[in-house]
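The values are calculated or read from the model by the stated rules, or taken from the named source; none is laboratory data. Just so you know, these numbers come straight off a predicted model, no measurement behind them. In this analysis, Cβ positions are derived from the backbone assuming ideal geometry, glycine residues included, and neighbour counts consider all displayed protein chains. Please note that ligands, DNA and RNA were not included when accessible areas were found on the heavy atoms of the full protein model with its side chains. Shrake-Rupley method; radii C 1.70, N 1.55, O 1.52, S 1.80 Å.
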Amino acid sequence: MKFSIFQESRKGGRRANQDRIGYAYTRDSLLAVVADGMGGHLHGEVAAQITVQYLTEAFQRDAKGRLADPRDFLTKGILEAHHTLADYARSRGLGESPRTTCVACVVQDSVAYCAHVGDSRLYHVRRGQVQVQTRDHSRVQVLIDRGRIREEAVAAHPDRNKIFNCIGAVTPPEVDLSGRMALQEGDILLLCSDGLWGPLTRKLITGALLKGDVMKAAPELLDLAEARAGKDADNLSVVAIAWEEKSADATTVPGADVDGVTTQREDFNKAEGSDLTDEEIEIAIAEIRAAIHKHLQPKP
């Protein structure tokens, strides 16, 4: 595979960053994930961490060079992350599970497969044109579909944060699978939280990706979104993949190599501005690991 990849998460104007991002790859398969912990629920950063960590560790387990069925991997992975969150909540004696949105993508054989829950998005961009954009599971998306509001009005709408499909809710999420996306050289896959896409128009996003390589364009989009949102900027995160660029083979940030899988993911204890104390973080790390380990075991 030949690709360039960039990822970054910022806390914006918030005290804590509840977004989590990560990617993992082998010689023949690539996984990218963005999760946006829901701040209205207890420990949203825990929900996002468990989701990203579960999916990347499941990829380490299952990607024997390549995944047997990328769509099945994404569906089962997101559902297992949901059940892992439920186990974590029970172990902590929480009244309800932490919650998060998620968008995840697998690329294999020059084909991208995407799954999402909530309003974290994927854009498939080719030569400045959006080929595919995921559909938000939100109140404002319903209003857009009914022609009640325009997409440009979403950022300022009072119901923009009302999500009706997420990981960690009482009922399991409905995993929304996109169709197969055949990739061409120069195509860009942009996975992001609403903190990035919310302040930006589609034209601003595609324009930035069109005029520069992804390693420069993605941080410029973060800068632009943060500037346009101002002091009220939400957490904003992006994983951007440029497929088969002529200028390079694979451009990546060094990660941990486990059984032929290279993984790049922030540790939970590096979270910026978390509500948790140091002691609570250490306990949470152990409980997260225990919950994930249970669900990563082969089924009997």
Residues LEU55, LEU79, LEU74: which one is under 27 Å from VAL261 (Cα atoms), touching a residue at least 60 places away in the same chain (Cβ under 8 Å), in a helix (DSSP H, G or I) and open to solvent by less than 40 Å² (accessible area, probe 1.4 Å)? LEU74
Residue pairs meeting the criteria (Cβ under 9 Å; at least 6 apart or on separate chains; first farther than 21 Å from HIS82 by Cβ, in the range 277-300; second open to solvent by 50 Å² or more (accessible area, probe 1.4 Å) and assigned to a helix (DSSP H, G or I)): ASP278/ASN269; ILE281/ASN269; GLU282/ASN269; ILE283/ARG92
Can you name every residue in the range 18-44 that is polar (S, T, N, Q) and either assigned to a strand (DSSP E or B) or surrounded by fewer than 24 Cβ atoms within 10 Å (Cβ to Cβ) (or both)? THR26, SER29
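Residues checked against (1) under 15 Å from GLY44 (Cα atoms); (2) open to solvent by 10 Å² or more (accessible area, probe 1.4 Å):
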{"residue": "SER91", "(1), (2)": "no, yes"}
{"residue": "SER97", "(1), (2)": "yes, yes"}
{"residue": "ALA104", "(1), (2)": "no, no"}
{"residue": "SER120", "(1), (2)": "yes, no"}
{"residue": "VAL130", "(1), (2)": "no, yes"}
{"residue": "ARG160", "(1), (2)": "no, yes"}
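Residue-wise test of (1) surrounded by fewer than 16 Cβ atoms within 10 Å (Cβ to Cβ); (2) within 23 Å of VAL52 (Cβ to Cβ); (3) modelled with pLDDT of 95 or more.
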position	(1), (2), (3)
LEU196	no, yes, yes
GLU226	no, yes, yes
ALA242	no, yes, yes
SER247	yes, no, no
THR251	no, yes, no
ASP267	yes, yes, no
THR277	yes, yes, no
GLU282	yes, yes, no
So the strands (runs of 3 or more DSSP E) completely within the range 82-150 holding 3 or more residues that are within 14 Å of the chain's Cα centre (by Cα) are 100-108, 111-117, 121-126
